[in-house]
1. In chain B, how does Rg compare with the Kirkwood Rh, expressed as the Rg/Rh ratio over alpha carbon atoms?
2. I'd like the mean, over residues of B:323-330, of how many other protein chain beta carbons sit within 10 Å of each residue's own Cβ.
3. Mind checking which chain A residue has its Cβ closest to the axis relating A to B, and how many whole Å off it is?
4. Assuming a ≥ b ≥ c are the square roots of the Cα gyration tensor eigenvalues, decide whether the stretch A:299-404 counts as rounded (a/c under 1.5), prolate (otherwise, with a/b larger than b/c) or oblate.
5. Using only the Cα atoms, work out Rg/Rh for the stretch A:124-229, with Rh taken as the Kirkwood radius, to two decimals.
6. Tell me, what is the FRET efficiency for residue B:113 and residue A:247 to the nearest 0.05, using R0 = 56 angstrom and their Cβ-Cβ distance as r?
7. Go ahead and set up a Gaussian network model of chain A, Cα springs under 10 Å, then flag whichever of A:23, A:223, A:54 fluctuates most.
8. Along Cα-to-Cβ, 7 Å out, sits the label point; list in nm, shortest first, how far the one on residue A:35 is from those in the other copies.
Number of protein chains: 2
Amino acid sequence: MALVVIGGTAAGLSAAARARRLDPRLDIVVLEKGTVISLGACGLPYFVEGKIRDAKDLTVFTPERFRKERDVDVRTGARVISISHPKREVVLESGARVGYEKLVIATGARAENLGIAGTGQDHVFHLLSLDDAERMRAFLRERKPRRAVVIGAGYIGIEAADALRRNGLDVTILERSAHALLRPDDAFTVEVKKQLERHRVELRTGVDVKAIEPGSVAGVPCDMVVIGAGFKPNVALAADAGIELGRSGAIRTDDRMETNLRGVYAAGDCAEAMHLVSGRPTWIPLGTTANKAGRVAGANAAGARERFPGIVGTSIVSIFGMGFATTGFSAVEARAEGFTPVSARIEALSKPRYYQGTKTIVELVADRTTRRLVGGSVIGEDGAAGRIDVIATALHARMKVDDFEQLDLAYSPPFAPVWDPVLIAAQQLMKEL
Amino acid sequence: MALVVIGGTAAGLSAAARARRLDPRLDIVVLEKGTVISLGACGLPYFVEGKIRDAKDLTVFTPERFRKERDVDVRTGARVISISHPKREVVLESGARVGYEKLVIATGARAENLGIAGTGQDHVFHLLSLDDAERMRAFLRERKPRRAVVIGAGYIGIEAADALRRNGLDVTILERSAHALLRPDDAFTVEVKKQLERHRVELRTGVDVKAIEPGSVAGVPCDMVVIGAGFKPNVALAADAGIELGRSGAIRTDDRMETNLRGVYAAGDCAEAMHLVSGRPTWIPLGTTANKAGRVAGANAAGARERFPGIVGTSIVSIFGMGFATTGFSAVEARAEGFTPVSARIEALSKPRYYQGTKTIVELVADRTTRRLVGGSVIGEDGAAGRIDVIATALHARMKVDDFEQLDLAYSPPFAPVWDPVLIAAQQLMKEL
């Protein structure tokens, strides 16, 4: 019995490690096209910034260590070019074939071309791989660029802008949509803009970049460009093998992470996950989801029966030290999902004033009919992560605002005010319902 | 129609404010025995420490401001000595009588004598009132004590010890029980001791203080003593009026905060609240509960029909900057409550190492039969409040470990690791179940 895993990052290694734990005798092969495994891609912006000095800190395992500690046959430089499910084998670029009984596809995401001209230039970067980050560090060190344009105001774009600004560059972010951080929420985007502007980073929304000129993008002069847009699930291999994709374009799976091909699982940035608020599959590529879904894929591939119920779409990004966190749906998204959204947004202090509490903005969104919470956002310099996690937990529990308002949260002046901002938001929302 | 509220702190003022909001024409009288209202007693240790410099920062409202803004007849120095429910009136120490149609009792907690000899000495303090705190500040300034003994390792005792140590005193805490912070959990107490010792505060458990000598307590030399033990619900007034007490000794109410006397409500540190994990009334005097229960008492007194479902017993205390947080039951408490507890305790980093993550200890307790979470604790320098709040939210939702393990929590290196410590604890607990 052999398990083959395509992809040696979060989902793939979680699958391999979990399968090994459940079945000590299983033959497990991980095929990774690159040279490193277990890359924490979320750390790349901090490597560019210089906060992480050693690229080794970005990976959890060397291939050798994973091989040894987990007894898994990790092969790097092993690019799979096709999957033949009838033969139960994958074909490598080298021509080699590897047979499987169970297969986990964890091929991650890729950057789509976007039809932008001029992306091949030396001063144009993505920020998806360690190689991308190392090239960028070298460029910063050797070429000393002074002005950067970042295309895309998603997580990577904003984090890259933060990192470059901290390296002394003037930075302009160009975003095609009207919103930052993929959140259709005008007020949230206004706060993102304000925080960027406080640190002299400009965010221009509604700018559809067609070409990167040698010295400018969309009229903004620059000597460096980072493309932080156009991420797509990397599904060509799966699609060619007859694996069904969902409406999102990512691989469709059941709640055991199994695809339409029996014995073939998919997890991580290449796969969908169930959105527990809408009850519909969604594609939100994040490391947390990749780890959880990979673990379940590995367990089931090893013969267990485990479920990955799904996600609520929680995320947070630091913009110059301020947390911008979202979970579930904004009011606009909730309406599109068929809810009748009612929302309340409040400002309160994170802690008592005498304990240096800082401004915290909380929005909660509920469905008018069921009174169920369907989303929220938190912005603040301290406590934003904990607060969005409370809302996320409530979404998992399908909690009504009425119950959320009564939550018994921890209070003590060094940590929180007696009425936590999330409870103040709930009180406000109760008035609107 | 007149509403009389006895007590001008958290529960009483929340009740008055909420009643006013619901009924602009109601006559509302607040009777406060002291000179200030809206005292945030949780801030007293920080006033003693010197972090809060102005006593005014400890109160939210002056009586004048509350009178004016809320149109409430606030009377300070108005000590109620009896309630005559048949006559629907309260009698003040001055002899005056105040008639009511609805009554909210928010008389708070008091310090019991504990049978300790020598508590009347000048160098012996409680820390319940602004007066206590101001006397203590003056004593520190004028008498420059060098060694303090704190009796009781509950919240106030530990916070007082922290505050005195930061004022340069040598501090020893003497606790009668075997545990700190009212948590019957040996490992938790060990961590409290360690953190105190790191800052050269000694905690001795199992010490039953009988007398305070002029220069020592239980053989520990000192020139200052703080009593942080012996808190009891202040219920004499209510009991004399025929109001039923619960087994905890605090006033029993229904979920509308109404006592056995129709039209008489109780809330705050003098009253019980339902423990949502055990389903039994409990007495856990905290400001958060006082505010919520007071609000509901005020709403119902003003003719609304609102419920206060209850609490899960969440709290946090800072010990020299490290958060010690608990919610629900420890394993020992869970067993006493009739559960079959299974627990897991893990250590993990609060954030990735390269982002200065610090050691975080999480314990989760579940019931073996139902797999429901019944409690947890979190210890850490950063993120402890948010993490305990996630567990508290799960307790409100009666979540099983199986579901908790799958929570979609926010991840980004500046805030949290990809596997949050609470999820690692849940994974460990799943193995034990």
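Rule-based calculations on the coordinates, nothing more; no lab input. Bear in mind that the values here come from a model prediction, so they are computed numbers and not experimental data. Here Cβ is always computed from backbone atoms with ideal geometry, including for glycine, and neighbour counts include all displayed protein chains.
1. Details: Rg = 22.5 Å, Rh = 22.9 Å.
So for chain B, dividing Rg by the Kirkwood Rh gives 0.98.
2. Details: counts 4, 1, 3, 1, 3, 1, 0, 0.
For peptide B:323-330, the averaged partner shielding equals 2.
3. Looking at chain A's Cβ atoms against the axis toward B, the nearest is A:386, 1.
4. Details: a/c = 2.23, a/b = 1.37, b/c = 1.63.
Oblate is the answer for the stretch A:299-404, as a/c is 1.5 or above yet b/c matches or exceeds a/b.
5. Details: Rg = 12.9 Å, Rh = 13.6 Å.
We get a ratio of 0.95 for the stretch A:124-229.
6. Numbers: r = 71 Å, r/R0 = 1.26.
Efficiency computed from Cβ-Cβ geometry: 0.20.
7. Highest fluctuation of the listed residues: A:54.
8. Distances between equivalent label points, in nm: 7.5.
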